[in-house]
There are 2 protein chains.
Amino acid sequence: MKVSALILHLESFIPLKQEEKDRIEEQFVPQTVKRKHKLLTAGEVCKDYFFVVSGCFRMFGVDDKGFEHNIQFASEKDWIADIGSFYSQKTSQLNIEALEPSEVLRIPQLGLYELFNNIPKINRIFKVMIEYKYIELQNRVLQNFSSTAEQRYLAFLEQYPHLKNRLPNTQVASYLGITPEFLSKIRKDLRDS
Amino acid sequence: MKVSALILHLESFIPLKQEEKDRIEEQFVPQTVKRKHKLLTAGEVCKDYFFVVSGCFRMFGVDDKGFEHNIQFASEKDWIADIGSFYSQKTSQLNIEALEPSEVLRIPQLGLYELFNNIPKINRIFKVMIEYKYIELQNRVLQNFSSTAEQRYLAFLEQYPHLKNRLPNTQVASYLGITPEFLSKIRKDLRDS
DNA sequence: ATTATTTCTTAAGGTAGATTAAGGGTGTTA
DNA sequence: TAACACCCTTAATCTACCTTAAGAAATAAT
């Protein structure tokens, strides 16, 4: 059952009472998505928060020249949404797209507020979750400033071993902020040395 | 009184009872800091979370060549800490330094946990606060990928009007991820055009 | 199985931004 | 009033990474 992965994940932060678990389960809707399907398209409002049960997603923006820039990946046991758009209900500039056939649990804004209002623990769990994500992002900013593309590539391989064999290099290049051609050169240089 | 700025800030998220306010006030310690004084030095553990009452701080890392990279500024009504180090109590790689004579309210780890455990609302307030910071950081990552240094400089001036006349350009350059010399060229080009 | 689509690679030429070096401005402390 | 520390600017040279192009390899769709 898909929902059990979610409950397990939440209880890794704080244990929950059966009554709370039931209440949480009620708010989530399981959904199967095909490769390349978008959970969010730029220009729309992000109406749902997603928990990834299986598969893999990327979140990306498109610049004025039409180039795509990956700002994060999300796979098993991770959460994904444009939280800026989700909480403000303003249109999003971002896209969320499946890189593999995937399964998610979706919770709409009202459902999540229901939980925030009625299960105080949920606020704390989400606080801690977003803190982790904030730290991850902060490390990324620092790394982008203080290392070369090659160093960042090596760091990516170390930090996301569960992704390195699942993603095409073109997606990795976009995440690193370089072109696929330059990533190809980096890989060649690493092979040669 | 310094603490009133904090209470006002917290109540902009959720109203608090007098009893809760008293309990919060108890945990914070006011502190005056001189220009260039460090609230956190790389290699130490981040033992406190800081609310900035007045003045201005920068948080920065130092790379292997000795160059400093600003990852955020914090001024009035903002919070600052290396939250990774603060929550894990592991040594920090970051520094927090006053750019002006400043006043802060400091809360130690145990004091903050006291509040998280006894005032459920505080979890929600901190959740929302960090969500805002996450969105800001995410926008920064996207912007760094999809625009030139000149565009980023213009965006910085727009986004942080309260900082642009308070910071030396050398600090702004470090935040933008460029050298002071190149920022100088950008400013000249903008002047000429 | 075959085609269609996406992905990977190599290489030549180009550009944003770094580096180095040097001179001038401004404010702070003695 | 000097001396010091810090900051800003200009300009020449250099480099990490981009652009364009084009063929080969791998994957997905029919």
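General remarks:
- Chain A - percent of accessible surface contributed by carbon and sulfur, probe 1.4 Å: 51 percent
- Label spacing, shortest first and in nm, from A:Thr148 to its equivalents in the remaining copies (7 angstrom along Cα→Cβ): 2.6
- Reference-scaled alpha-carbon Rg (2.2 N^0.38 Å with N residues) for region B:54-126: 1.27
- Rg and Dmax over the alpha-carbon atoms of region A:52-193 stand at 17.1, 59 Å.
- Inter-copy separations for A:Gln159, label at 7 Å along Cα-Cβ, nm, ascending: 1.8
- Equivalent ellipsoid semi-axes - Cα gyration tensor, region A:2-118, angstrom: 26, 16, 11
- Selected from B:Leu8, A:Cys56, A:Ile83, residue furthest toward positive end of dipole (the protein assembly as shown; charges at beta carbon): A:Cys56
- For region B:1-75 and region A:5-51, distance of Cα centres in Å: 34 Å
- Averaging 1/r over every pair of different alpha carbons in region A:117-193 and inverting the result gives a Kirkwood radius of 14.4 Å.
- Calculated Rg and Dmax of the protein assembly as shown using C-alpha coordinates, Å: 21.8, 68
- The helix-only estimate of mean residue ellipticity at 222 nm for chain A, built from DSSP H runs of length n ≥ 4 each weighted as -39500 (n - 2.57), is -15000 deg cm²/dmol after division by the residue total.
- If the segment from B:Thr41 to B:Gln27 were pulled out straight at 0.36 nm per residue, it would be longer than the present Cα-Cα gap by 2.7 nm.
- Our summary gives chain A a relative contact order of 23 percent, counting only alpha carbon pairs under 8 angstrom and 6 or more residues apart.
- Accessible surface buried by the A/B pair amounts to about 3300 Å², both sides summed, 1.4 Å probe.
- Legend: mean number of C-beta atoms from other chains within 10 angstrom of residue C-beta atoms, peptide B:141-153, equals 4.
- Förster-model FRET efficiency, 56 Å R0, B:Arg166 and A:Asn117, C-beta, rounded to 0.05: 0.90
- The angle separating the long axis of helix A:2-11 from the principal Cα axis of greatest extent in chain A is about 90 degrees.
- For the protein assembly as shown, a crude dipole built from +1 on the beta carbon of Lys and Arg and -1 on the beta carbon of Asp and Glu, taken about the Cα centre, is about 400 debye to the nearest 20.
- Those trypsin sites (Lys or Arg not before Pro) in region A:57-166 that DSSP places in a loop and that have at most 11 other beta carbons within 10 Å: A:Lys65
- Per residue accessible area of region A:2-118, 1.4 Å probe, in Å²: 47 Å²
The values are calculated or read from the model by the stated rules, or taken from the named source; none is laboratory data. What you see is a predicted model; the values in this text were computed from it and never measured. Cβ sites come from the backbone with ideal geometry, for glycine too, and all protein chains shown count toward neighbours. The protein model used for the area step is the full one, side chains on, heavy atoms only, and it has no ligands, DNA or RNA in it. Shrake-Rupley method; radii C 1.70, N 1.55, O 1.52, S 1.80 Å.
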